[in-house]
Amino acid sequence: MQSLRNFFRPWSSDVKLDGKTVMITGANTGIGKETAIDLAKRGARVIMACRDMEKADTALKEVIKASENQNVVIKKLDLSDCKSIREFAQTINSEERQVNILINNAGVMVCPYGKTADGFEMQIGVNHMGHFLLTFLLLDLIKRSAPARIINVSSMAHKWGNINLEDINSEKSYDKSKAYSQSKLANVLFTRSLARKLEGSGVTAYALHPGVVQTDLWRHLNWPQQAAIRLIKPFTKSSVQGAQTTIYCAVAPELEKESGKYYSDCAPTSCSSAAMDDEMAQRLWDLSCQMLNITWD
């Protein structure tokens, strides 16, 4: 059987990003690194926000070599620690004159139960709360950089998720797959709320499913899940292919007036009914602000 990977064509566009600044979380590996390479090739200043600085330094060299763009930097960011997020944002706000594209790409997937430095369940903490706080802290700079875009990397796994407001940290019971799906649903709901609140500001927001991508995020899958992945591996995307929808949302001119939608394979697509629940989106927003001790109207 012929691999379907041959049919996942890279998105082709000659859009340039000279004079623009792009920030990508989790940019030292996988689709984050491939996104960094592509946008650096387009002439952008790229800030790679990474937790592991040793791996980030290696990735930095790869991105500069592949893109032939020297205007690429790495910055320390641990999305599982609000103190690190605040220190990172303070540095960016004081050193950078603009952030035109923020790509909230980093994430953890179906990991064993654990908590962040601030007591959040790890998946909701990193995938949602960390990026929620980061976006909040950088938003004034992003608004001053308008037209600007905020891109949240979600997953089709959001379709199997529900938001449990009464037990958002899965303390009463924990299913790592359900917790992952909850965090990815939170990404889509956050995008909808963000788009609504940013109307008229020149800042737009997008959520996306990158595809089933070969990634080290799979390391926490149990044995039956690993076996299933091996069966479908010929039909999965490489990191380069998986980065295409992120790149599309970041640079496609036709999306300039769009905001709040969900994308897959470089096109708008349907999300779950739960992901279109604006009442739940607002309740999640309010809970997130409360848990992060911020005021974001």
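What to note about this one:
- Estimated 222 nm signal from helices in the chain, with DSSP H stretches of n ≥ 4 weighted -39500 (n - 2.57), rounded to 500: -12000 deg cm²/dmol
- Rough spin-label spacing in nm, given labels placed 7 Å along Cα→Cβ, for GLU279 and VAL212: 3.5
- Taking 0.36 nm per residue of separation and subtracting the Cα-Cα distance, full extension of the segment from ARG97 to SER12 would add 27.7 nm.
- Charged neighbours of TYR262, selected by a Cβ distance under 15 Å, balance to +2 (K, R count +1; D, E count -1).
- Estimated at 0.36 nm per residue, the fully extended path between LEU287 and ALA146 surpasses their Cα-Cα distance by 48.0 nm.
- Scattering profile of segment 55-133 at q = 0.12, 0.23 Å⁻¹ [log10 I(q)/I(0), Debye over alpha-carbon scatterers]: -0.43, -1.15
- Label sites at GLU258 and LYS76, each approximated as a point 7 angstrom past Cα along Cα to Cβ, lie 3.9 nm apart.
- Legend: P(r) of segment 87-226 from all alpha carbon pair distances, 5 Å bins from 0, whole percents, reading 2, 10, 19, 21, 18, 14, 10, 5, 2, 0.
- Cα-centred dipole magnitude for the chain, charges only on beta-carbon of K, R (+1) and D, E (-1), debye, nearest 20: 680
- Of the residues ALA36, ALA275, ALA66, the one that moves most in a GNM of the chain with alpha-carbon contacts below 10 Å is ALA66.
- According to the Kirkwood relation over distinct C-alpha pairs, the hydrodynamic radius of segment 243-283 is 11.5 Å.
- Extension gain, LYS55 to LYS115: 0.36 nm times the residue separation minus the Cα-Cα distance gives 19.3 nm.
- Restricting the calculation to Cα atoms, the chain yields a radius of gyration followed by a Dmax of 17.8, 54 Å.
- Given charges at Cβ of Lys, Arg, Asp, Glu: the chain dipole, positive-most of ALA250, ILE37, ILE168: ILE37
- At least 30 Å along the helix axis (C-alpha) and Kyte average at least -1.0, DSSP helices within the chain: 176-197
Read the figures in this text as sums done on the coordinates, not as results from a lab. Everything numeric here is computed off the predicted structure, so don't read it as measured data. Glycine also receives a Cβ, built like all others from the backbone with ideal geometry; neighbour counts cover every protein chain displayed.
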